[in-house]
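Colleague: Shown below is the structure under consideration.
The values are calculated or read from the model by the stated rules, or taken from the named source; none is laboratory data. None of these values were measured; they are calculated from a predicted model. Every residue, glycine as well, gets a Cβ built from its backbone with ideal geometry; the counts of neighbours run over all protein chains shown.
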Amino acid sequence: MFKCQMCGVCCRASHIAVLAHEKLILMRLAKTLGINVKFSYDYTIYDRYSDQQIVLTYYIVLENGSCPFLKGNVCSIHNLYKPLICRSFPYVPKKVEYLYNTDLKIIKHRSIYAISTACTFIRKFKSEIERQIVSENDIKSFLPDEYLAATKMEILRTKYLTALSYLWRANYVSLDFTYKGRTHVIDAYSFIRRYLPYFVIDYRVY
Ligand code: SF4
Ligand code: SF4
């Protein structure tokens, strides 16, 4: 079974992508802990009605090549809130495709996962892993916690897209997937909750 070496290499890899509500949690934690953290936009969808870019996912901006929450080789927020992507590492999305149908007003996604060879443990045992891990069930047995975190992340991505599809069909929004121009920006969590206040993500569950 996978055994994390606590080397912190994954906290120095690029692209630490977090969902919209995770960005809000991390901002709150950073403020409490006095850590300076910045985010860049990853996947955004433009709403013509409100003239806003809705940000579904963000990247944590690395500071001198490391995640700002990394202290030595230890994650300073490990017991407070560790992002799903960090919990799923080294089982991470190789590609996330967002698919939409403008007639039916539906947005879906397809995530393709892979075991990252950026991980120290995976690199060390690469040939054995390649020989032994061939099916999804093998991945579940080899990386049970990481697989679970990845599953939670995809459930939440679906939850966001289902809510946005609902708003689109109910004509609260008019989504445009091609316009990336300069405009106002809002995180998807706050945006959805303006219309659907019961849209809540309990981070203790996820
Ligand atoms: S949040 Fe923690 S685990 Fe995730 S990249 Fe930053 S330091 Fe590493
Ligand atoms: S690179 Fe792999 S072994 Fe090192 S801390 Fe990250 S998950 Fe653990």
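Colleague: Go through 159, 152, 105 for me and flag whichever is touching a residue at least 40 places away in the same chain (Cβ under 8 Å) and at positive phi.
Modeller: 105
Colleague: I've got another one for you. Of the residues that make up the range 41-48, is at least one free of Cβ contacts under 8 Å to residues at least 12 places away in the same chain, away from ligand 1 (no atom under 14 Å from the Cβ) and not in a loop (DSSP other than H, G, I, E, B)?
Modeller: no
Colleague: Let me confirm something: among 51, 47, 42, which residue is buried (at least 21 other Cβ atoms within 10 Å of the Cβ) and away from ligand 2 (no atom under 16 Å from the Cβ)?
Modeller: None of the others qualify; the one that does is 47.
Colleague: OK, next. Quick check on my filter: what residues within the range 6-38 are buried (at least 16 other Cβ atoms within 10 Å of the Cβ), basic (Lys, Arg) and either part of a loop (DSSP other than H, G, I, E, B) or near ligand 1 (Cβ under 10 Å from one of its atoms) (or both)?
Modeller: 12
Colleague: What is the one condition in (1) within 12 Å of ligand 1 (Cβ to nearest atom); (2) of a type outside the set (A, V, I, L, M, F, W, C); (3) out of contact with any strand residue (DSSP E or B) (no Cβ under 8 Å at 6 or more places or on another chain) that residue 68 does not satisfy?
Modeller: Here residue 68 clears every test but (3).
Colleague: Sticking with this one: Let me confirm something: among 48, 12, 28, which residue is within 21 Å of residue 115 (Cα to Cα) and basic (Lys, Arg)?
Modeller: On inspection, the qualifying residue turns out to be 12.
Colleague: So is residue 77 among the hydrophobic types (A, V, I, L, M, F, W, C), within 10 Å of ligand 1 (Cβ to nearest atom) and either within 25 Å of residue 179 (Cα to Cα) or at pLDDT below 95 (or both) or not?
Modeller: No, not satisfied.
Colleague: In addition: Given the criterion away from ligand 1 (no atom under 16 Å from the Cβ) and small (Gly, Ala, Ser), identify the matching residue among 114, 118.
Modeller: 114
Colleague: Within the range 82-138, which helices (runs of 4 or more DSSP H) (wholly inside it) include 1 or more residues that are under 28 Å from residue 30 (Cβ atoms), within 15 Å of ligand 2 (Cβ to nearest atom) and of a type in the set (D, E, K, R)?
Modeller: Once the helices (runs of 4 or more DSSP H) in the range 82-138 are filtered for at least 1 residues that are under 28 Å from residue 30 (Cβ atoms), within 15 Å of ligand 2 (Cβ to nearest atom) and of a type in the set (D, E, K, R), what remains is 84-88.
Colleague: Looking at (1) closer than 23 Å to residue 165 by Cβ; (2) without any contact (Cβ under 8 Å) to a residue 12 or more places away in the chain, can you tell me which one residue 130 breaks?
Modeller: Tallying (1) closer than 23 Å to residue 165 by Cβ; (2) without any contact (Cβ under 8 Å) to a residue 12 or more places away in the chain, residue 130 fails exactly one: (1).
Colleague: When residue 107 is evaluated against the numbered criteria (1) within 16 Å of ligand 1 (Cβ to nearest atom); (2) in contact with a Leu (Cβ under 6 Å, 6 or more places away or on another chain), which criterion, by number, is the only one it fails?
Modeller: Answer for residue 107: the failing condition is (1).
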